[in-house]
Amino acid sequence: MRSGRAMREILAAIAVAVVLTGAAAAQRTAEYEIGRGDALSISVWKHPELERTVTVRSNGLVTFPPIGDITAVGLTPSELSREIMQRLRDYTRETTQVTVTVSQFNSRAVFLTGQVTAPGRYSFESLPDLLQLLSQAGGPLPGADLSNVSIIRPAAGGPEVIPVDVASYMRGQATTPLPVLQPGDTIDIPSTVGAGAMTGQGIVYI
């Protein structure tokens, strides 16, 4: 079992990685592209009756009365705002400001399971790296086996399993970059108890 000191060192390593990767992410300026499942808040200046929240359907469309269906997938919020504004002119007979914001980034969600403080679904405007995700989830539990983390990625021929030795990154001993997370990934943090059972270590036979 890890000591309290070891766990503090792990959390400190995660915090340092978060600061470094967060600084790099802040330099990205590309605007978010809307994806399927995202929730969008739409407001129209001087027309509060038109304000609403819509969800991008699997076909990439949203419905916004009174103009009906409009393609949202692949557009940025600014581009969708301009498209709605242009089509609203036929109904309002005036040029009015339209604002589109993404309230839920559901198209860029990953799932965290296993030995973490807060497992579950996490959605992001820009997907973090694995260490940032662990920090978002409150860090690993004392029984976490960070040497045998798995990224389970949906694929056409069946799920792809990517093993990651997170502990080596924390010790500064990794020779390759962390795998880049993709929407739909499931990250499983196993237990050291389970790892011992799988490898035959720590098992007493009677």
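If a residue has to be more than 13 Å from Leu181 (Cβ to Cβ) and either part of a loop (DSSP other than H, G, I, E, B) or open to solvent by 10 Å² or more (accessible area, probe 1.4 Å) (or both) to count, how many in segment 105-120 make the cut?
Total meeting the criteria: 10.
Of everything in segment 128-178 that's in a helix (DSSP H, G or I) and either open to solvent by 20 Å² or more (accessible area, probe 1.4 Å) or among the β-branched types (Val, Ile, Thr) (or both), which residue is modelled with the lowest pLDDT?
Only one residue tops the list, namely Met170.
Out of (1) surrounded by 14 or more Cβ atoms within 10 Å (Cβ to Cβ); (2) farther than 20 Å from Val54 by Cα; (3) not aliphatic (A, V, I, L, M), the odd one out for Asp90 is which?
So the condition that Asp90 fails would be (1).
Among (1) aliphatic (A, V, I, L, M); (2) within 30 Å of Trp45 (Cβ to Cβ); (3) touching a Phe, Trp or Tyr at 6+ places or on another chain (Cβ under 9 Å), which single condition is Leu133 missing?
Condition (2) is where Leu133 drops out.
Scan segment 55-103 for residues that are of a type in the set (Ser, Thr, Tyr) and part of a loop (DSSP other than H, G, I, E, B) and jot them down.
The answer is Ser58, Thr76, Thr95, Thr96.
Which numbered condition in (1) in a loop (DSSP other than H, G, I, E, B); (2) open to solvent by 40 Å² or more (accessible area, probe 1.4 Å); (3) of a type in the set (Val, Ile, Thr) is the only one that Ile34 fails?
Here Ile34 clears every test but (2).
Identify, from the list Leu130, Leu141, Leu146, the residue that is of a type outside the set (Gly, Ala, Ser), out of contact with any Lys or Arg (no Cβ under 6 Å at 6 or more places or on another chain) and over 19 Å from Val193 (Cβ atoms).
Among Leu130, Leu141, Leu146, only Leu130 is of a type outside the set (Gly, Ala, Ser), out of contact with any Lys or Arg (no Cβ under 6 Å at 6 or more places or on another chain) and over 19 Å from Val193 (Cβ atoms).
The values are calculated or read from the model by the stated rules, or taken from the named source; none is laboratory data. In this text, all values refer to a predicted model and were calculated from it rather than measured experimentally. Every residue, glycine as well, gets a Cβ built from its backbone with ideal geometry; the counts of neighbours run over all protein chains shown. Remember, those area values only see protein heavy atoms, side chains included, never the ligands or the DNA or RNA. Shrake-Rupley method; radii C 1.70, N 1.55, O 1.52, S 1.80 Å.
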